[in-house]
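Here is the structure we will look at.
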2 protein chains.
Amino acid sequence: MNIQKNPIERLTQFGIKPSLQRIAVMNYLLKNYNHPTVDMIFNKLYASIPTLSKTTVYNTLKLLAQQGVIMEITIDEKNVRYDGDISQHAHFQCKNCGCIRDIPIKNIKTISDNEAGELLITESRLYYKGYCEKCKANLVK
Amino acid sequence: MNIQKNPIERLTQFGIKPSLQRIAVMNYLLKNYNHPTVDMIFNKLYASIPTLSKTTVYNTLKLLAQQGVIMEITIDEKNVRYDGDISQHAHFQCKNCGCIRDIPIKNIKTISDNEAGELLITESRLYYKGYCEKCKANLVK
DNA sequence: AAACAAATTTGTAATTATTACAATTTTATA
DNA sequence: TATAAAATTGTAATAATTACAAATTTGTTT
């Protein structure tokens, strides 16, 4: 199945009714590759949709993540992050500045090639931690 | 380097002074493979150490995780989990009952074999979600 | 051992993310 | 238009985590 890049089509593709608020959230995630928090999304959208409630953003993100329309990322202990790119890739977070980066995965096979046994596995996440280029350079060592 | 199984030795091995509280936390994690939350650890230890403060448990776990003595697991959005087993392995969480399981990784190589580029990677986590044996059987489908 | 400093622990208060929930609004349907 | 269902909103509650200052413990120097 070909994943849609248009917000309305993406929602429809996953059987979700495209309301104004849902389209706005979906659109944000398709345009911004910044792995935003709920607050980041809310604050940005609130500027153009003054009636928007933060609860709606929470509800929408939870719904979309449950349906597999978006990815929920728990690499950061503080906040859940979201990603509109649901193609298989890993994430990196800098332990110093906190920035989150996408990391392509060469060998996708190994992600599902495991000792799952009787478990039914539906999704996988690969997280890396360390130091980004800038922070690496500033390390005292 | 051979990772110590004894709580005091493990702490010492990583350059951490083995106080009563730290030993207790470390000992709990070396004896229990339940990927506990802070509350689970605190409640158990509080029974035998009535002066124990939850802040101390938070501080200790943060310290140990930072020093690499234990693993911090963020597979669950609600609570951070901890693991005294720092050997390379993946984690699974059931989306229905919430149970967390260890999953051995056959091909450890692929975990660090990625497109890191200029990033300095110090740790990796592989998380799986899905349904455990019991919950899988009860799925309506 | 006494005095002092450093490290650790404790307890409380504050902060922050998230959820619960009832009321309201919007959308779909008869 | 009337009614039902779905979605949104706003506020209050919950729960995890952190900040921080006081108290305690430990280590060191005299």
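The values are calculated or read from the model by the stated rules, or taken from the named source; none is laboratory data. A quick note: this is a predicted structure, and the numbers were derived from the prediction, not measured. Neighbour counts run over all protein chains shown; Cβ positions are idealised from the backbone, glycine included.
Structure values in brief
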| read-out | value |
| --- | --- |
| Filter pass, B:Leu20 being within 9 Å of DNA strand D (Cβ to nearest atom) and away from every other protein chain (no Cβ under 14 Å) | yes |
| Considering residues of segment A:24-48 that are over 16 Å from the mean Cα position of the chain (by Cα) and not basic (Lys, Arg) only, the residue farthest from A:Lys78 (Cα to Cα) | A:Ser48 |
| Subset of segment B:6-15 that is within 15 Å of DNA strand D (Cβ to nearest atom) and farther than 24 Å from B:Thr74 by Cα - its residue that is farthest from the other protein chains (Cβ to nearest Cβ) | B:Ile8 |
| Hey, B:Asn43 away from DNA strand C (no atom under 13 Å from the Cβ) and closer than 21 Å to B:Ile86 by Cβ or not | no |
| Residues of segment B:49-92 that turn out to be hydroxyl-bearing (Ser, Thr, Tyr), part of a loop (DSSP other than H, G, I, E, B) and under 20 Å from A:Thr74 (Cβ atoms), as a count | 1 |
| Test result for A:Ile103, at the interface with chain B (Cβ under 10 Å from one of its Cβ atoms) and either in a loop (DSSP other than H, G, I, E, B) or more than 30 Å from B:Glu118 (Cβ to Cβ) (or both) | no |
| Odd one out for A:Ile108, checked against (1) β-branched (Val, Ile, Thr); (2) closer than 26 Å to A:Met1 by Cα; (3) at pLDDT 95 or above | (3) |
| Residue match in segment B:24-40 (condition: away from DNA strand C (no atom under 16 Å from the Cβ), surrounded by 19 or more Cβ atoms within 10 Å (Cβ to Cβ), of a type in the set (Gly, Ala, Ser) and at pLDDT 95 or above) | no |
| Candidate set from segment B:67-85 (those that are within 18 Å of B:Gln4 (Cβ to Cβ) and exposed (fewer than 14 other Cβ atoms within 10 Å of the Cβ)); member that is farthest from DNA strand D (Cβ to nearest atom) | B:Gly68 |
| Within segment A:53-77, considering residues that are within 12 Å of DNA strand C (Cβ to nearest atom), closer than 19 Å to A:Leu11 by Cα and in contact (Cβ under 8 Å) with a residue 24 or more places away in the chain, the one nearest to the other protein chains (Cβ to nearest Cβ) | A:Leu61 |
| Candidate set: segment A:78-87, residues that are farther than 18 Å from A:Pro18 by Cα and more than 12 Å from chain B (Cβ to nearest Cβ); chosen: the one nearest to the chain's Cα centre (by Cα) | A:Asp83 |
